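Participant: A single structure is presented below for examination.
Each value in this text was obtained by applying a stated rule to the coordinates, not by laboratory testing. A quick note: this is a predicted structure, and the numbers were derived from the prediction, not measured. Cβ atoms come from the backbone with ideal geometry, glycine included; neighbour counts cover every protein chain shown.
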Amino acid sequence: MKKNKNKFSPSPAGSPWTVVVLAAVFVSVLLMVTTRFADNVRERGEVTYSKYLDLVEQGQVKGVTIIGSFVKGVTKDDKHFEVTVPDEQAEHLQILRKNAAEVEISSTSSLGFWPFLLIALLMSMLMVAWYIFRPSRGGSSGGGGNVFTMGKSRAKMFLPSTIKDTFNSVAGADEAKEELQDVVDFLKNPEKYKRLGAKITRGVLLIGEPGNGKTLLARAVAGEANCLFFSISGSDFIEVFVGVGASRVRDLFAQARKAAPSIIFIDEIDAVGRHRSGGGFGGGHDEREQTLNQLLTEMDGFETAKDPVIVIAATNRPDVLDKALLRPGRFDRRVEVPYPDLASRERILILHGKTVQLDNSVDMRKIARGTPGFSGADLANLINEAAIIASKSNQDKITIKDFEEARDKILLGKEIKTIALTEHDRKTTAYHESGHALIRLLLPHCTDPLHKVTIVPRGRALGVTHSIPEREKYTTTKEEMIASVMAALGGRIAEEIQFSELSTGAYSDFQKATDVVRDMVCRYGMSEKLGPIVYAQSQGDFVYSQKTAELIDEEVKNITQDCYNKARILLNDNRDKLTMLSEALLEKETMYAAEIYELLGIEARADLRFTEEA
């Protein structure tokens, strides 16, 4: 492997040519101002005091402006003159009045606006000089801190010796690592593939939700291949000036080719790689499209390097990327980085758990089972929150109870104990949450297992009913979606049954129910009236007719109302259980699923608590 030297720092802004240009501009402006000032002086014409008195006494002076001891005047044949007079102001005015000259007395400076113009020019030159010669803010390999480095790449360059991440640093994501292992092998042994005519992989697109480890995987590829790594965000290319982004793309690829074999990592590529609309107004739009066009050109490889340069990009919005960017020859591979499954979550927890002090009772398998849907970043945050909770209690080790509290804090929000609720508010909240919980308990095959019900305010909610999926779910049935809508509406129905009144506490429930039903109708073809057709929106505009929109609204209302009626019948038929659960909540404030199953005599489901003592 060749040794890479850092030859790619941009030249300093204060180069000799910069000084020459700046000095030439300054001298030119100064000469222009000085010449203009001298011409004005010649045009005005200075006269002696005696000559001035002669002109006045002969009646040749049409009018004068007196500024202290300085006099500016004009003769009757429209010739301007200037003169300095003695301090005998009264005698001077008497002579002027006697000879019928117009007199104006002013306090304006005798030098006019020229000093102000000169000062403004000097200040402007100082500001330009400061902007040009100020230190770069972009780091050792980025720049962009002044006008002469604006077109330089802002990518951060990492030498192989500074990259400590490898595939061993990435827990889970086995399929993604397997795909990327081919890229590593190609960077290490390009001749192995070239001998059979295989072409270099130009680009790899990492697709996944935020927090699933796309950036970590890209760094791991560079660490495994032991090559130079350039990291940049898609938004770092875009500038208000058209053409700057394209210049930064050119500079980035030029640096990468000089350092080949190397990896360019572009995070959030959708910021620069969105669909080109073929029109539009404004420099920002044109700038983004020019930047994308330059990126497409560079990835085509018209200027190929002897050693490979591979672009790894990451996005969670592949649907908005331009088709030209995704075609083979640019991004040859698409690697999915999904949410970690049970086994992957356990490995991620074990990996992050090595950096903290854990009690022997902590079972990472149990924590992994109780955190479905958590990303790698969520799991790292869970461990950190548990460590913070244990530290606040001055514990020597992090216990399983700390993890339980940390999970509830992340999912439900922090407990708020300062809100003083009236007894009626507490009862309303208890019945509301009991309505949510009871619907879930009475529809066990269509809902996730109940985890916890509390009437202690958390976050922005006065109470919370929380369920946790017992396994990873990749599809959802119509029955499950209907059950989730019924559960969301159960809180309002319980209030209505018990108190015969309506409150504002069900707003978020209605919003959730409406979103689910609208997805059923518009996205998943679950409406008998509208059929299996996708009615989507494009950039905020409906792509269907007004008549269809009215049918959609009507169908959403009908399905929601039908769920409301079914949930009301279910709660009315189990009114005794609703009352029993509400009264228990008023007494205990927080109840876990196992307690509720026992109280209501309902068959227990999976209990995803980390500890029985939580």
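Participant: Could you calculate, for the stretch 150-336, the ratio of the Cα radius of gyration to the Kirkwood radius, expressed as Rg to Rh? Spell out each step's value before the answer.
Facilitator: Working: Rg = 15.9 Å, Rh = 16.6 Å.
When Rh is taken as the Kirkwood radius, the ratio is 0.95.
Participant: Using per-residue counts of other Cβ atoms within 10 Å, averaged over each peptide, order 565-571, 598-604, 288-294 from highest down. Please list the in-between numbers first.
Facilitator: Details: 565-571: 18.6, 598-604: 12.3, 288-294: 21.3.
Order by mean packing, descending: 288-294, 565-571, 598-604.
Participant: Under 17 Å between alpha carbons, and skipping anything fewer than 8 positions from Lys512 in its own chain: which lysines qualify?
Facilitator: Lys478, Lys557
Participant: Which order results if Asp267, Asp182 are arranged by neighbouring Cβ count within 10 Å, fewest first? Could the numbers behind the result be given before it?
Facilitator: Values: Asp267 19, Asp182 13.
The most exposed by this proxy come first: Asp182, Asp267.
Participant: Cα convex hull of the stretch 452-587: how many Å³ per residue? If you can, show how the numbers build up before the last one.
Facilitator: Numbers: hull volume 21.4 nm³, N = 136.
Once divided by residue count, the hull of the stretch 452-587 is 157 Å³.
Participant: Sum up the charges of everything whose Cβ sits under 10 Å from the Cβ of Val453, counting Lys and Arg as +1 and Asp and Glu as -1, but leave Val453 out. Could the numbers behind the result be given before it?
Facilitator: Working: positive: Arg440, Lys452, Lys588; negative: Glu433, Glu589, Glu595.
Residues close to Val453 contribute a combined charge of 0.
Participant: Which of the aspartates and glutamates could a cross-linker span from Lys473 if the Cα-Cα distance has to be under 20 Å and same-chain partners fewer than 8 positions apart are dropped?
Facilitator: Counting by Cα, and skipping residues close in sequence, Lys473 has these aspartates and glutamates nearby: Asp174, Glu175, Glu209, Glu336, Asp341, Glu346, Asp378, Asp448, Asp515, Asp519, Asp607.
Participant: Using Cα centres only, tell me the gap between the stretch 501-518 and the stretch 411-477 in whole Å.
Facilitator: Using only Cα atoms to place each centre, the spacing works out to 14 Å.
Participant: Continuing with the same structure: Hey, got the dipole for the stretch 150-336? About the Cα centre, +1 on K and R Cβ, -1 on D and E Cβ, debye to the nearest 20?
Facilitator: Working: 27 positive and 27 negative charges, 114 e Å.
Dipole about the Cα centre, nearest 20: 540 debye.
Participant: Using θ = phi - 60° and the Karplus form 6.51 cos²θ - 1.76 cosθ + 1.60, what ³J(HN,Hα) does each residue of the stretch 573-590 get, whole Hz, x for Gly and Pro?
Facilitator: Listing the rounded values in order: 5, 10, 4, 5, 5, 4, 5, 4, 5, 5, 5, 5, 5, 4, 7, 9, 6, 10 Hz.
Participant: Once amide H atoms are built 1.01 Å from N in the peptide plane, which residues 5 or more positions from Gly203, or in another chain, come under 5 Å H to H?
Facilitator: Under 5 Å from the amide H of Gly203 lie the amide H atoms of Val311, Asp332, Arg333, each far enough along the sequence or on another chain.
Participant: Which percent of Cα pairs goes in each bin when the distances of the stretch 423-530 are cut into 10 angstrom slices starting at zero?
Facilitator: Per 10 Å bin, starting at zero, the Cα-Cα P(r) for the stretch 423-530 comes out as 14, 44, 32, 10, 1 percent.
Participant: Now for a separate question. If each of Thr297 and Asp77 carries a label point 7 Å out from its Cα toward its Cβ, how far apart are those two points in nm?
Facilitator: For Thr297 paired with Asp77, the spin-label model returns 6.7 nm.
Participant: Could you sort the peptides 163-169, 437-443 by per-residue average Cβ neighbour count (10 Å cutoff), highest mean leading? Display every interim value, and only then the final one.
Facilitator: Working: 163-169: 15.3, 437-443: 24.7.
Peptide ranking by packing, descending: 437-443, 163-169.
Participant: Modelled label-to-label distance, His445 and Asn558, 7 Å Cα→beta-carbon offset: nm?
Facilitator: 2.6 nm
Participant: Residue by residue through the stretch 549-556, what is 3J(HN,Hα) from phi via Karplus (6.51 cos²θ - 1.76 cosθ + 1.60, θ = phi - 60°)? Round to whole Hz and write x for glycine and proline.
Facilitator: 4, 5, 5, 5, 4, 5, 5, 4
Participant: For an R0 of 45 angstrom, estimate the FRET efficiency from the Cβ-Cβ distance between Ala198 and Ala606 and round to the nearest 0.05.
Facilitator: Details: r = 49 Å, r/R0 = 1.09.
Computed FRET efficiency for Ala198 and Ala606 comes out at 0.40.
Participant: So, one more: List, in order, the whole-Hz ³J(HN,Hα) value for each residue of the stretch 413-419 obtained from phi through the Karplus relation with A = 6.51, B = -1.76, C = 1.60 and θ = phi - 60°; use x for Gly and Pro.
Facilitator: Karplus-based 3J(HN,Hα) across the stretch 413-419 equals x, 6, 5, 10, 9, 8, 6 Hz.
Participant: Here is a follow-up. For Lys417 and Asn565, FRET efficiency with R0 = 51 Å and r from the beta-carbon atoms, rounded to 0.05? All intermediate terms of the calculation are to be shown ahead of the outcome.
Facilitator: Values: r = 38 Å, r/R0 = 0.75.
Computed FRET efficiency for Asn565 and Lys417: 0.85.
Participant: Moving on. Please list, in order, the residues from the stretch 171-212 whose amide nitrogen is less than 16 Å from a point placed 7 Å along the Cα→Cβ vector of Glu336.
Facilitator: Once the point is set 7 Å along Cα→Cβ of Glu336, 173-180, 205-210, 212 turn out to lie under 16 Å by backbone N, inside the stretch 171-212.
Participant: If you put +1 on each Lys and Arg Cβ and -1 on each Asp and Glu Cβ, how big is the dipole of the stretch 342-412 around its Cα centre, in Debye rounded to 20? Let's see the in-between values first.
Facilitator: Numbers: 11 positive and 10 negative charges, 40 e Å.
For this selection, approximately 200 debye.
Participant: With only alpha-carbon atoms counted, please give the Rg and Dmax of the stretch 536-608, in Å.
Facilitator: Here Rg and the maximum Cα pair distance are 20.4, 54 Å.
Participant: In nm, what is the difference between 0.36 nm times the number of residues separating Arg365 and Phe499 and their Cα-Cα distance?
Facilitator: On the way: separation 134, 0.36 × 134 = 48.24 nm, distance 4.45 nm.
So the chain would gain 43.8 nm between Arg365 and Phe499.
Participant: Using a Förster distance of 22 angstrom, determine the FRET efficiency expected from the C-beta separation of Thr548 and Gln511, and round it to 0.05. Let's see the in-between values first.
Facilitator: Values: r = 23 Å, r/R0 = 1.04.
With a Förster radius of 22 Å, E is 0.45.
Participant: In nm, what is the difference between 0.36 nm times the number of residues separating Ile388 and Lys354 and their Cα-Cα distance?
Facilitator: Values: separation 34, 0.36 × 34 = 12.24 nm, distance 1.57 nm.
Length gained between Ile388 and Lys354: 10.7 nm.
Participant: Moving to a separate point now. So if each residue of separation counts as 0.36 nm, and I subtract the Cα-Cα distance between Thr65 and Arg317, what length gain in nm does that give? Can you show the working numbers first?
Facilitator: On the way: separation 252, 0.36 × 252 = 90.72 nm, distance 7.26 nm.
Stretched fully, the Thr65-Arg317 segment lengthens by 83.5 nm.
Participant: Are any of the pairs Lys401/Lys566; Lys199/Lys258; Lys188/Lys366; Lys156/Lys323; Lys392/Lys588; Lys258/Lys323 more than 32 Å apart by Cα-Cα distance, and if so, which? Intermediate values should be presented prior to the final figure.
Facilitator: Details: Lys401/Lys566 39 Å; Lys199/Lys258 20 Å; Lys188/Lys366 40 Å; Lys156/Lys323 28 Å; Lys392/Lys588 25 Å; Lys258/Lys323 29 Å.
Result: Lys401/Lys566; Lys188/Lys366 exceed 32 Å.
Participant: Treating the Cα atoms of the stretch 342-412 as identical point scatterers in vacuum, please give the log10 of the normalised Debye intensity I(q)/I(0) at q = 0.13, 0.16, 0.22 Å⁻¹, two decimals.
Facilitator: Results for the stretch 342-412 at q = 0.13, 0.16, 0.22 Å⁻¹ read -0.30, -0.46, -0.89.
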